[in-house]
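Asker: Could you have a look at this structure, given as C-alpha cells, before my questions?
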Amino acid sequence: MSSTSIRHDWQREEISALFDIPFNQLLARAHAVHAQYHDPDAVQVSTLLSIKTGGCPEDCAYCPQAQRYQTGVQAEKLMSTEAVLAQARAARAAGASRFCMGAAWRNPKDRDVEKVAEMISAVRGLGMETCATLGMLSSSQAQTLKSAGLDYYNHNLDTAPEHYDQIISTRSIDDRLQTLDHVREAGLKTCCGGIVGLGETREQRAGLLQALANLPQHPDSVPINQLVQVPGTPLHGTEALDPFEFVRTIAVARLLMPASMVRLSAGREQMNEGIQALCFFAGANSIFYGDKLLTTGNPQAAADRALFRRLDLHPLEIQEVSETVHASILETAQACEHPPA
Ligand code: SF4
C-alpha cells in the first residue's frame, strides 16, 4: 500500500521508521504528499479566544489553567456573547476564517453548553467557521452544539497512550476517545492532535501520531502543539525538544494523515521563522493567528502577514477549507486546545 493512501492501520514500527528517514528525504516525501492533497501555498488561519479562563479542576501537567498550579492565571467567568462577538468581528477583519472558542472546563454543565451554543450561532452569523473546545462532552451536549451551527470540536489526545498517566491523572485517554466518539456521532468535524516536548521519547511521539492516525476517521484538523513551558506547571524546566525533531513530527503527521489540515499551534511563538518555513514545507497548513493563544502569547498578526508574504503563502478562504475538508471525507476524516495550547 502506498504511503499516500488514507490508512487507519498504521503499525508502530512503520511510524518509527518514518521518523528515522534522513531529514531531507523525510521532508521531500512529506512535501510531495502535501502537494498531492493540498495547495502547498495556502495556509488556513484560525483565531482562538479563551471564553472562560483558568480554574480548571484537571491536572494536565503542561497547563497553566489548572487551578492546582500557581501560575498567576486568574480564574474568570464565562464571557458574554456580546464580548465574544466583538472579538470574532476583529478576528474576521484581521483575516481569520475560523474562530475557535476555548473554555477551561473538565466538562461543561448543560447550562454552559446552552450559553456557548448562543455564541456559536452569533459567530456563525458573521460567516466564519466555528470551533469549540470545552472539555469532555456527553452525546446530547455534542448534538446541542451541532444544532447551534458548530463546525469543529477540538479535543486533543494530549500524548501517547503509554505516556498519558505521566502527564494527566484526572482522566484517561479512553475518556478523550469517548468524547471524540460523541463528537463524530453528532456530525461535527474533529480537530484533534496533541503536544510534543512533554519529555516523551521519539517512540512516544510515534505513539501519539499512531493513535491519531488510527482513529475511525482521521481528524479534519490535527494541531501539533509544542509545549510552552509556564513557570508553576510541573513540566516547567523539561528539556526542550530539538526544533528539527518538531519539524520531523509535522512531516510524519502529514504522511500518516495526508488529507487532514496539520496545524502549527501552541509553541509557534518560540519557533524562529526558518523553523516555521520548514514546517510549512513539511506539510503544516494551518496556524493560529492573532495576539493571544488562550493564556500564552502568539506571534503578532502583522508578523504573520509579513512571513506569509516572504514565503509566498496565502490564507485559505473558507470556501477552499470546506472543499478540502469535503474532499478528505470523500476520500476516507492544552482544553483542549487548552494546552498553553
Ligand atoms: S488542558 Fe484543559 S483540561 Fe487540562 S488543565 Fe488545562 S484547561 Fe483543564
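We did not get these values from a lab; they are worked out from the coordinates using the rules stated. Here the structure is a predicted model, which is why all the values come from computation and not from measurement. Cβ atoms come from the backbone with ideal geometry, glycine included; neighbour counts cover every protein chain shown.
Asker: What residues qualify as long-range amide H neighbours of Thr170, i.e. H under 5 Å apart, gap of 5 or more or another chain, H built at 1.01 Å from N?
Answerer: Distant-sequence amide H within range of Thr170: Asp59.
Asker: When Phe280, Phe246 are ordered from fewest to most other Cβ atoms inside 10 Å of their Cβ, what list results?
Answerer: The order, fewest Cβ neighbours first, is Phe280, Phe246.
Asker: Next question, about the same structure. Find the centroid of the Cα atoms in the range 232-277 and in the range 130-158, then give the distance between the two in whole Å.
Answerer: 25
Asker: With r as the distance between the Cβ atoms of Ala75 and Asp39 and R0 = 51 Å, compute the FRET efficiency 1/(1 + (r/R0)^6) and round to 0.05.
Answerer: 0.75
Asker: Sticking with this one: Count the DSSP beta bridges whose two residues both fall in the chain, then state the antiparallel fraction as a percent rounded to the nearest 5.
Answerer: 5
Asker: When the convex hull of the C-alpha atoms of the range 78-129 is computed, what volume per residue in Å³ does it have? Don't jump to the answer; show the numbers that get you there.
Answerer: On the way: hull volume 3.8 nm³, N = 52.
Expressed per residue, the convex hull around the Cα atoms of the range 78-129 is 73 Å³.
Asker: Give me the extension gain from Ser147 to Ser16: residue separation times 0.36 nm, minus the current Cα-Cα distance, reported in nm with one decimal.
Answerer: 43.1 nm
Asker: Any idea how far apart Glu118 and His314 come out in nm if each label point goes 7 Å out from Cα toward Cβ?
Answerer: 4.0
Asker: By average Cβ neighbour count within 10 Å, what is the ranking of 196-205, 270-279, 174-183 from highest down?
Answerer: Taking the mean over residues of other Cβ atoms within 10 Å, the ranking is 196-205, 174-183, 270-279.
Asker: What base-10 log of the normalised intensity I(q)/I(0) is obtained for the chain from the Debye formula, alpha carbons as equal point scatterers, at q = 0.10 Å⁻¹?
Answerer: -0.51
Asker: Further question: Using 0.36 nm per residue of separation minus the Cα-Cα distance, give me the extension gain between Asp242 and Arg202 in nm, one decimal. Can you show the working numbers first?
Answerer: Values: separation 40, 0.36 × 40 = 14.40 nm, distance 1.12 nm.
Length difference between fully extended and current span is 13.3 nm.
Asker: Express in nm, to one decimal, how much length is gained between Leu177 and Ser139 on full extension, taking 0.36 nm for each residue of separation and deducting their alpha carbon distance. Could the numbers behind the result be given before it?
Answerer: Working: separation 38, 0.36 × 38 = 13.68 nm, distance 1.25 nm.
That pair, Leu177 and Ser139, stretches by 12.4 nm at full extension.
Asker: For a label point 7 angstrom out from the Cα of Ala28 toward its Cβ, which stretches of the range 215-259 have the backbone nitrogen within less than 18 Å?
Answerer: Backbone N within reach: 248, 251-252, 255.
Asker: What are the residues whose amide H is under 5 Å from the amide H of Thr130, where those residues sit 5 or more places off or on another chain and H is modelled from the backbone?
Answerer: It is Phe99, Asp151, Tyr152, by chain and number.
Asker: Compute the distance in nm between two label points, each set 7 Å from the Cα along the Cα-to-Cβ direction, one at Ala93 and one at Glu185.
Answerer: 4.3
Asker: Hey, another quick one. Residues with beta-carbon under 9 Å from that of Leu18, excluding Leu18: net charge, scoring Lys, Arg +1 and Asp, Glu -1?
Answerer: Numbers: positive: Arg29, Arg248; negative: Glu14, Asp20.
Computed value for this residue: 0.
Asker: According to the square roots a ≥ b ≥ c of the eigenvalues of the Cα gyration tensor, what is the shape class of the range 185-239, taking rounded for a/c under 1.5, prolate for a/b larger than b/c otherwise, and oblate for the remainder?
Answerer: Oblate, because a/c is 1.5 or more while a/b does not exceed b/c.
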